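The values are calculated or read from the model by the stated rules, or taken from the named source; none is laboratory data. Please read these numbers as outputs of a predicted model, since none were measured by experiment. Note: ideal-geometry Cβ built from the backbone for every residue, glycine included; neighbour counts use all protein chains shown. Just so you know, the surface numbers come from the protein's heavy atoms only, side chains and all, with ligands and any DNA or RNA stripped out. Shrake-Rupley method; radii C 1.70, N 1.55, O 1.52, S 1.80 Å.
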Amino acid sequence: MSEVIVQPSFSWNRIVSQDMKVKDWICPVAELSEVPDVVLLGVPLSRSSISASAASEFPIAFRKSWELFSTYYIDEQVDFRELRVADIGDVKMHTTDILQCHTNIEQAMREVMERYPQSFYVSIGGDHSITAPLVRALKEGKRIGILQFDTHLDLRDLSNGPSNGTPIRQLLEAGVVRGEDVYNIGLHGFYNAPSLIEAARYYNVNIITLKQLRKTGIQQQIAEVMQALSEKVDVIYVTVDIDVLDITYAPGVPASTPGGMRTDELFDLLFEVGKSNLVCAVDFVCIDPHRDTQEAQTVKAVTYAFLTTLVSRYMHMKNTHGD
Ligand SMILES: [Mn+2]
């Protein structure tokens, strides 16, 4: 059917029962008769990572973790199994050619959007280089806001070609996104060179450091960012570089650092983000399952973050439609 989307090498035997697990709930797109509310796309690329990474293995590790989670969310006392989530498969990658991989990612995202124009898109990386082609596909004349959770600005110049350190720079240089519409949340410590801070100033990228976020509070900070974005953009793309988490919480990330965010903070942030109608897509990137602990603590944290985004979205949909 598609030349750039392939079926994943792993899928669950789904069992429908009262005690539903996420593995029984998310289904291959071919098995869903209705239009999905959410489309899941695996983007297994990690050749473009600056640090050696097996992030290309993450989409499968992510799918395998689904058996550990229920569709019932106790914090809000809500079961969100009626949200229709379809797994469309993985972007087909070229073995060595990164630019070809990026072309495939862009085309795959376009195909997903053409088939399901009203759905919410979740992309599972892969390293952070995948965000540039994903956002390019979304463009179509729209003004796009980017909410980026990251320990880095990802504004490296392109003299060494596209990598996981360049996606935001690429989008700014190509005029796909304006710097004033980019909000980076989570910078901390000693991990961004002065020239990159200068680039952020040059492009007017909005920086909210982790310290500032903690001072303002998660609810208020996200409300402020969403309010500001709603006055200028048509849609919001959320990109979650898991290296935003502290190394203790996310050992399975090549660039993870001390002094980062806690998992509960990321979950709370994504719960707030899920309330916005403007948010149309999210990606989770830079997780290397081969570096993870034996208990897969990083993989599980991402699945939790993904589910938190969806449950918030589901609750918001229910409230908006009143049924
Ligand atoms: Mn990044």
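When a 1.4 Å probe is rolled over the protein heavy atoms, the share of accessible surface on the range 242-323 that falls to carbon and sulfur comes to 52 percent. With the convex hull drawn over the C-alpha atoms of the range 8-123, the volume per residue is 127 Å³. Across the chain, counting alpha-carbon atoms alone, Rg and Dmax equal 18.1, 55 Å. When you filter the GluC sites (Glu not before Pro) in the range 249-323 for DSSP loop state and at most 14 other Cβ atoms inside 10 Å of their Cβ, you are left with E295.
Any idea how many Lys pairs in the range 5-321 come in under 24 angstrom at the alpha carbon, given 8 or more places apart or on separate chains? Close lysine pairs under the 24 Å cut-off: 20.
Between the listed residues S65, P133, L83, the Cα displaced farthest toward the positive end of the dipole of the range 55-142, a dipole computed from Cβ unit charges relative to the Cα centre, is found at P133.
Magnitude of the Cβ-charge dipole of the chain, K/R +1 and D/E -1, about the Cα centre, nearest 20 debye? List each step's numbers first, then the result.
Details: 29 positive and 42 negative charges, 64 e Å.
It works out to roughly 300 debye.
Loop-located GluC sites (Glu not before Pro) in the range 1-53 (DSSP state not H, G, I, E or B) with no more than 16 neighbouring Cβ atoms inside 10 Å: E3, E34.
I need the shape label for the range 271-323. Rule: rounded when a/c is under 1.5, else prolate if a/b > b/c, else oblate, with a, b, c from the alpha carbon gyration tensor. Show your work: numbers first, answer last.
Numbers: a/c = 4.85, a/b = 2.54, b/c = 1.91.
Note, shape of the range 271-323 comes out prolate.
Rounded to the nearest 5, the antiparallel percentage of DSSP beta bridges internal to the chain is 10%. Taking label points 7 Å from Cα along the Cα-to-Cβ direction, I207 and E295 give a separation of 3.5 nm.
Among the chymotrypsin sites (Phe, Trp or Tyr not before Pro) within the range 64-98, not one is in coil by DSSP while having at most 12 neighbouring Cβ atoms inside 10 Å.
Ordering T239, Y202, T263 by the projection of their Cα atoms onto the charge dipole of the range 187-272, which places +1 on the Cβ of Lys and Arg and -1 on the Cβ of Asp and Glu, puts Y202 at the extreme positive end. The accessible-area ordering, largest first, of the residues R47, R201, R169 stands as R201, R47, R169, per a 1.4 angstrom probe.
If the chain between A193 and D19 were fully stretched, how many nm would it gain, using 0.36 nm times the residue separation less the Cα-Cα distance?
Values: separation 174, 0.36 × 174 = 62.64 nm, distance 4.94 nm.
Taking A193 through D19 to full extension adds about 57.7 nm, to one decimal.
Hull volume per residue, based on the alpha-carbon atoms of the range 151-275 and their convex hull, is 109 Å³. At a probe radius of 1.4 angstrom, the accessible area of the range 5-321 per residue rounds to 42 square angstrom.
Surface composition of the range 52-197: carbon and sulfur atoms hold 47% of the protein heavy-atom accessible area at a 1.4 Å probe. What FRET efficiency comes out for R110 versus Q220 if R0 is 35 angstrom and r is the Cβ-Cβ distance? Round to the nearest 0.05. With R0 = 35 Å, the Cβ-Cβ based efficiency is 0.45.
How big is the charge dipole of the range 104-158 about its Cα centre, in debye rounded to the nearest 20, if each Lys and Arg gets +1 on its Cβ and each Asp and Glu gets -1 on its Cβ?
Details: 7 positive and 8 negative charges, 49 e Å.
With only Lys, Arg, Asp and Glu charged at Cβ, the dipole is about 240 debye.
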